[in-house]
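S.K.: Mind having a look at this structure? Questions to follow.
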Amino acid sequence: MDTRFQINVISAITKPQTTVWMAMHQDYSHKLVTMHWEEVPIESMAGEFIVKHLLKGDRGHYGPFEHPQITINVGYFNHATMQQLRTHRVGVSFDVQSFRYTSQGLLDVVANDADIEDYIYFRPVASYTDRKGNRYDYTHGMREEDKSYAYSLLKLYYRKINMGMSEEHCRAMLPFDYRQHWVMSLNARSLMHFLDLRAKKDAELECQWFCELLFQKFQMWMPHVAEWYKETRWGKARLAP
């Protein structure tokens, strides 16, 4: 995985598993369910209860999982991955870095000899397969050639910006896979659906890496639910309803 890729949590509802438990109970309790209700369990026990009563045995009662929400800051992923992920907007919100306003780093590659890989993504040297299963090698020489070509495009971009042309006009010259940052918010249900779609084996490699990092945050936030998900759904493309 590219070492620059990162996901950081900005905010997350506290006691998310308890929140799901309370939503589940309010469905059939004649009492008002509050945090002071005598039957409210501790967070870890709530996690065990909601897995047992809402998820295990393919019960598939996902409605209560729409209440807890987490917001993350995604850094240095490539533009193609952002496009792939942003197609899934049900229960997910995005605010994505715009290169109409934030092109200084790209200019610094040319003006100040900044590392091009801080701003443009290139896949690591490795063996890959295409969508038909054909195998090929992406060599060091091929990667260096790609970096050289990308640098020539950044030089063209730099020249046009300095001619007074607008960023939205000049960005047509940029290499497609520039690195991009974004903020996204998901509820627990949409997070699992997101993983169903993009952690599967035939998803684009960078999307799979994104899901690996996202799952780490999921584990810390809702450990019992994440453990159940890892055992029963991870990589199987069993789409959550």
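The values are calculated or read from the model by the stated rules, or taken from the named source; none is laboratory data. Just so we're clear, the structure is a prediction, and the values are computed from it rather than from any experiment. Glycine gets a Cβ as well: all are built from the backbone with ideal geometry, and neighbour counts include every protein chain shown.
S.K.: I'm trying to understand the selection: among the residues of the stretch 171-209, which are farther than 14 Å from GLY235 by Cβ, among the hydrophobic types (A, V, I, L, M, F, W, C) and touching a residue at least 24 places away in the same chain (Cβ under 8 Å)?
M.R.: Selection gives LEU174, PHE176, TRP182, VAL183, MET184, LEU186, ALA188, LEU191.
S.K.: VAL90: loosely packed, with under 11 Cβ neighbours inside 10 Å, in contact (Cβ under 8 Å) with a residue 24 or more places away in the chain and out of contact with any Pro (no Cβ under 9 Å at 6 or more places or on another chain), yes or no? Break it down stepwise before answering.
M.R.: Numbers: loosely packed, with under 11 Cβ neighbours inside 10 Å: yes; in contact (Cβ under 8 Å) with a residue 24 or more places away in the chain: yes; out of contact with any Pro (no Cβ under 9 Å at 6 or more places or on another chain): yes.
Yes.
S.K.: Can you list residue pairs whose Cβ atoms sit under 6 Å apart, with the first residue in the stretch 214-231 being not assigned by TED's automatic domain parsing to the domain that holds MET184 and outside any helix (DSSP H, G or I) and the second being modelled with pLDDT of 95 or more and crowded, with 19+ Cβ neighbours inside 10 Å? Count only pairs 6 or more apart in sequence or on different chains.
M.R.: none
S.K.: Between a residue in the stretch 129-145 that is without any contact (Cβ under 8 Å) to a residue 60 or more places away in the chain and any residue that is among the aliphatic types (A, V, I, L, M) and not in a helix (DSSP H, G or I), which pairs come within a Cβ distance under 7 Å, given they are 6 or more apart or on different chains?
M.R.: TYR138/VAL125; TYR138/ALA126; THR139/VAL125; HIS140/VAL125; ARG143/VAL125
S.K.: Which is modelled with pLDDT under 95 and of a type in the set (S, T, N, Q), of SER185, SER148, SER152, SER166? It would help to see each step written out before you state the result.
M.R.: On the way: SER185 fails: modelled with pLDDT under 95; SER148 fails: modelled with pLDDT under 95; SER152 fails: modelled with pLDDT under 95.
None of the others qualify; the one that does is SER166.
S.K.: So, one more: If you take just the strands (runs of 3 or more DSSP E) that sit entirely in the stretch 69-148, which of them hold at least 2 residues that are closer than 30 Å to MET222 by Cβ?
M.R.: Working: elements: 69-78, 92-96, 126-129, 135-138.
By residue number, 69-78, 92-96.
S.K.: What about MET192, is it farther than 23 Å from SER98 by Cβ, out of contact with any Leu (no Cβ under 8 Å at 6 or more places or on another chain) and modelled with pLDDT of 95 or more? Steps first, please.
M.R.: Numbers: farther than 23 Å from SER98 by Cβ: yes; out of contact with any Leu (no Cβ under 8 Å at 6 or more places or on another chain): yes; modelled with pLDDT of 95 or more: no.
Criteria not met by MET192.
Quick grid of which residues meet (1) more than 20 Å from HIS79 (Cα to Cα); (2) modelled with pLDDT under 95:
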residue: ASP95; (1), (2): no, yes
residue: GLN104; (1), (2): no, yes
residue: SER127; (1), (2): yes, no
residue: ASP130; (1), (2): no, yes
residue: GLY133; (1), (2): yes, yes
residue: THR139; (1), (2): yes, no
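S.K.: Just wondering, is there one or more residues in the stretch 100-123 that are among the charged types (D, E, K, R) and within 30 Å of ALA23 (Cβ to Cβ)?
M.R.: No, that holds for no residue.
S.K.: Can you name the residue in the stretch 187-197 that is surrounded by fewer than 22 Cβ atoms within 10 Å (Cβ to Cβ) and touching a helix residue (DSSP H, G or I) at 6+ places or on another chain (Cβ under 7 Å) and is also nearest to PRO64 (Cα to Cα) among such residues?
M.R.: ARG189
S.K.: Restricting the search to the stretch 1-58, which residues are among the acidic types (Asp, Glu) and not in a loop (DSSP other than H, G, I, E, B)?
M.R.: Listed by number, the residues that qualify are GLU43, GLU48, ASP58.
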